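Let me give you the structure first, and then I'll get to my questions.
The values are calculated or read from the model by the stated rules, or taken from the named source; none is laboratory data. None of these values were measured; they are calculated from a predicted model. Note that each Cβ is placed from the backbone with ideal geometry, even for glycine, and that neighbours are counted across all protein chains shown.
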Amino acid sequence: MENDKTHISRREALGIIGTAGAALAGAVLMPGRIFAESVEVSEAENVLSTTSTSSQTLNLKDYPKLAGEVDDTLRLNRFFNDLKSMPGINGVIPEGTYAISQVVTVSLVNQYLFAYGAKISSTVAALKIENSQNSIIEGLSIEIKVKSDSQKYIGISIFSSKHLILQFMNVRGAGWIGITSEANTANITILNCRIEDCNYGIRTVASSTNIKIIGCYISNHWSQSSEATNQGSLPVWSSPSLFYDGITIKGENCLIEGCVIEDNGQSGIYSGGVKRLIITNNVIRNNWNKGIDLGTSDTQIEFVDITSNIVENNKTGNIHFFKVNYSSISNNIVLNSDIKYSSISNYVEPCIIFNNVCIGNRIHNNTIWNVYDEVAVFINVDPSTKSIDNSIIGNTINSKNRFNPKVELYNQLTDASLQTVSNLRVDNILSLPKTRTSPDTEGAISYNPTTKKLEFYDGTTIRTVTST
């Protein structure tokens, strides 16, 4: 899809960054624990305050192909080399398609690059941004013509740069990554971009800081790929594949806000290591692994705030924590509503899952709905790797089975509070699950429509709990 966005002014762009700042400044706190600390929003605003207002511009139309040049690679290199030598002078790439056969390197300092209606068509990696600061690239589309998982096929790679905004850009067809933030990058904002049909949509590395992904659409459209359509009516993603995660994020002080992330071959958002991450006001749906998948066996993730998102029909679980600590899942709508895959066992999963050791997390004030015969929330309470000091409070839950912990780990059950040896707290269950005859799963809590009581099955008898 071509970029059909209209140009926004510097003042409007500053307003968008300011909105993101408000979300970051409103950090979610728990007594004695910080879930997410504010990102240095003033650094992002600095991009707009220091970008050149010069009326002088350098225009690619003044750089024609020379004799013997078969594509636009060399003319683009001449243009960008001159632009690099003139900090503060803005650049323009006119509407049109520009074919390249080698990666083009861009270095901007205090500059705006306008490229509405311009598309770079590449048979290799397309754009390498390095040693740039206080600059904006706006409106450029990139299309890579070779579908391969080779790591050389990257739409936009960013190295050793800071205070940079990419806005209203399209990247399509990158066989490896659409946009990647590499070593020594900080205060990078990816704003209102579309990243489609790429192996991975957006990636940040562990040394990245203050990365903001705002208002983007990210999908590799796995369900429309030949990998899926060749399987018939119920495709199941498997490796090897050319379709993986929408966003793979590492680093510190990062924000994902206002994005639509859907139909990616693996997870919508994946992280193997991040600290202080806010995920807010996104729609994350119909991805073929998890919706939000955080944690690995060899890393520890901390201080993540997942709030006010719609996380829906992601095949192997909507929100998954693995060794995640002191984080919050609040005010989200988390749904498994599509029963089409009820016959695929690994696609019938709880809505929210805590695996391995997850410590000090909160699941508060969410709407959680699961149509499968599965629990709504799974908290690992295996004695050898149990999660501890987590709480499930104030959620609206509609599910045959609400929570999973096995009965032998409970040491008390009172009217409005459930306490286990792993210090799991469950309070204020506000809504009623699906009608059912009895809570026949050990350790499950459900609603009996006849007695109008919440019931707990301890493996032998049914005990009741008063709903608050």
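Residue-wise test of (1) touching a Leu at 6+ places or on another chain (Cβ under 6 Å); (2) of a type in the set (A, V, I, L, M); (3) buried (at least 24 other Cβ atoms within 10 Å of the Cβ); (4) more than 19 Å from D245 (Cα to Cα).
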| residue | (1), (2), (3), (4) |
| --- | --- |
| E130 | no, no, no, yes |
| S135 | yes, no, yes, yes |
| I144 | no, yes, yes, no |
| S157 | no, no, no, no |
| S160 | no, no, no, yes |
| R172 | no, no, no, no |
| N187 | no, no, yes, yes |
| N199 | yes, no, yes, no |
| T209 | no, no, no, yes |
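Sticking with this structure for a sec: Consider Y116 against the criteria (1) within 22 Å of I188 (Cα to Cα); (2) touching a helix residue (DSSP H, G or I) at 6+ places or on another chain (Cβ under 8 Å): it satisfies all of them except one. Which criterion is unmet?
Against the list (1) within 22 Å of I188 (Cα to Cα); (2) touching a helix residue (DSSP H, G or I) at 6+ places or on another chain (Cβ under 8 Å), Y116 comes up short only on (2).
All but one of (1) within 28 Å of V260 (Cβ to Cβ); (2) at pLDDT below 85; (3) within 21 Å of the chain's Cα centre (by Cα); (4) not aromatic (F, W, Y) hold for Q300; which doesn't?
It is condition (1) that Q300 fails.
Matching residues to (1) touching a Cys at 6+ places or on another chain (Cβ under 8 Å); (2) farther than 26 Å from K323 by Cα:
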| residue | (1), (2) |
| --- | --- |
| W222 | no, yes |
| S225 | no, yes |
| A228 | no, yes |
| Y244 | no, no |
| K250 | no, no |
| I256 | no, no |
| C259 | yes, no |
| Q266 | no, no |
| L277 | yes, no |
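Residue check, G295 against (1) buried (at least 24 other Cβ atoms within 10 Å of the Cβ); (2) in contact with a Lys or Arg (Cβ under 8 Å, 6 or more places away or on another chain); (3) within 23 Å of V371 (Cβ to Cβ), all met but one. Which one?
Among (1) buried (at least 24 other Cβ atoms within 10 Å of the Cβ); (2) in contact with a Lys or Arg (Cβ under 8 Å, 6 or more places away or on another chain); (3) within 23 Å of V371 (Cβ to Cβ), G295 violates only (3).
Okay, residues lined up against (1) modelled with pLDDT under 95; (2) in a loop (DSSP other than H, G, I, E, B):
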{"residue": "L234", "(1), (2)": "yes, yes"}
{"residue": "S238", "(1), (2)": "yes, yes"}
{"residue": "L242", "(1), (2)": "yes, yes"}
{"residue": "T248", "(1), (2)": "no, no"}
{"residue": "C254", "(1), (2)": "no, no"}
{"residue": "N264", "(1), (2)": "no, yes"}
{"residue": "G273", "(1), (2)": "yes, no"}
{"residue": "I278", "(1), (2)": "no, no"}
{"residue": "N287", "(1), (2)": "no, yes"}
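OK, next. Given (1) at pLDDT 95 or above; (2) surrounded by 16 or more Cβ atoms within 10 Å (Cβ to Cβ), identify the lone condition not met by A125.
Going through the list (1) at pLDDT 95 or above; (2) surrounded by 16 or more Cβ atoms within 10 Å (Cβ to Cβ), A125 breaks only (1).
Looking at (1) within 18 Å of the chain's Cα centre (by Cα); (2) closer than 27 Å to G295 by Cβ; (3) aliphatic (A, V, I, L, M), which is the one condition that is false for I158?
Here I158 meets the rest and fails (1).
Considering only segment 215-223, I want to know if a residue exists there that is within 19 Å of E182 (Cβ to Cβ) and buried (at least 19 other Cβ atoms within 10 Å of the Cβ).
We begin by selecting, within segment 215-223, every residue within 19 Å of E182 (Cβ to Cβ); these are 216, 218.
So of that shortlist, the ones also buried (at least 19 other Cβ atoms within 10 Å of the Cβ) come out as 216, 218.
Checking segment 215-223: at least one residue is within 19 Å of E182 (Cβ to Cβ) and buried (at least 19 other Cβ atoms within 10 Å of the Cβ).
Could you please give the count of residues in segment 240-292 that are of a type in the set (V, I, T), surrounded by fewer than 24 Cβ atoms within 10 Å (Cβ to Cβ) and in contact (Cβ under 8 Å) with a residue 40 or more places away in the chain?
Count: 3.
Residues of segment 49-63 being farther than 17 Å from I142 by Cα and at pLDDT 95 or above, which ones?
To start, the set of residues in segment 49-63 that are farther than 17 Å from I142 by Cα comprises 49-59, 61-63.
Matches in segment 49-63: L58, N59, K61, D62, Y63.
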